[in-house]
Structure formats: C-alpha cells, structure tokens
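Novice: Got a structure for you, questions after.
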Amino acid sequence: MSESACELIGSSHAMARLRQELAVAAKSSAKVVITGESGAGKELVARAVHRSSPRRLQPLRAVNLHVIGIRVPPLRERVDDIPVLLDHFMMRFSIQYQLPAPPIGTQTMRWLKDYNWPGNVRELRNLAERFVIRREVGGLDPAWLDATPTPSRFRRDAVCDTAPARRE
C-alpha cells in the first residue's frame, strides 16, 4: 500500500474498496473524477491518487465544485414554465418542419402540468416535436411521453383535445 493510501483513515469495507479503486486509478493515465458528498474527503483522495501515480511529479489539477453550487430545478418543480416552454418548442418545430403548431387545450395543459417529467425539459421538447409532426394524424397522444406510461388517472381521449373522442 502506498504512503498516500495510508492517509485515508479507516478500516471499514468501504475504505478498503476505496483504497483498491485508488490503486487502480493511480496506475491509469485516464482522468479521474471523484464524487461524493461535501466534506467526505474528495480532495484527500485526489491527492492520494496523484501521489501514487506516475504523474506525481506534475502539478495536481483539482477542481473543487462545492464552492459555488448552482442547482437547476427539474421541470416538475417549475410546472408554470411548461406553457411557455411548450409554446417555444412548438413554434421552433413549426418553423423547422413548415407545419402549423397544434392548439393545446386546457385539459391537455392540465395533464402536462400533472405529469412528473422524468426526462425534464428534453422530454418536453421531444413531445413538442411530436405534437407538431403528428398533428395531422389524430391529435395529441399521452403515449408519446418517453419515460413513463400514461398515468392511469387520465383517459387517453381526454388528452387528445384536437382529435375526436374515442369510445372505450
């Protein structure tokens, strides 16, 4: 075990595994990204990897990301942005495909605001593109969402404001 790895105090299984990973990383010429909660010892681990590596004579380039944290809230935490984002994306795709943007009814907007958006803004953008492209084939379909099946509390035809209602 290298002198640097000895600086990591602890004998738990997690620390033993960390020392093994440190040894593997030190032998590699690949860039190493060290993650963990604030205060867990990421800088100490970075120095240990560096001192155990063939690059130990070169300067260590450490980046501490915990000084200024910027959190981008997920779409599900800012549902009031959905109408303006959807309008923006539909206009963009309307121009790109030279097709009219479909109207979005209140029931559809309610459904979009109630959806969990696991794919965040990217998922909304993809949905807007489908809305524009598929407008001519029967309206808006909640099954177009990428990551999650249609929520059971919504009837499929209730979301398709521009399509004739289907009988179930």
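Novice: Please arrange ARG17, ARG51, ARG78 by counting, for each residue, the other beta carbons lying within 10 Å of its beta carbon, fewest first.
Specialist: ARG17, ARG78, ARG51
Novice: For the pair ARG76/ARG122, report the inter-label distance in nm, with labels modelled 7 Å from Cα in the Cβ direction.
Specialist: Once both label points are built, they end up 1.7 nm from each other.
Novice: Along the Cα→Cβ direction, 7 angstrom out, place labels at HIS66 and VAL84. What is the inter-label distance in nm?
Specialist: Here the modelled spin labels are 3.5 nm apart.
Novice: A further question on this structure: Could you work out the local net charge near LYS27, counting Lys and Arg as +1, Asp and Glu as -1, over the other residues with Cβ closer than 12 Å to its Cβ?
Specialist: Values: positive: ARG55; negative: GLU21.
The answer is 0.
Novice: Another question about this same structure. Which order do HIS66, HIS50, HIS88 fall in if you start with the one that has the fewest other Cβ atoms within 10 Å?
Specialist: Ascending number of Cβ neighbours within 10 Å: HIS66, HIS88, HIS50.
Novice: Under the rule a/c < 1.5 gives rounded, and otherwise a/b versus b/c splits prolate from oblate, where does the range 3-52 land using the Cα gyration tensor?
Specialist: The shape class here is oblate.
Novice: Something else: Pop a pseudo-label 7 angstrom from the Cα along the beta-carbon direction at both LEU57 and GLU7 and give the gap in nm to one decimal.
Specialist: Label at LEU57, label at GLU7, 2.0 nm between them.
Each value in this text was obtained by applying a stated rule to the coordinates, not by laboratory testing. If you're wondering where the values come from, they're calculated on a predicted model, not measured in any experiment. Glycine gets a Cβ as well: all are built from the backbone with ideal geometry, and neighbour counts include every protein chain shown.
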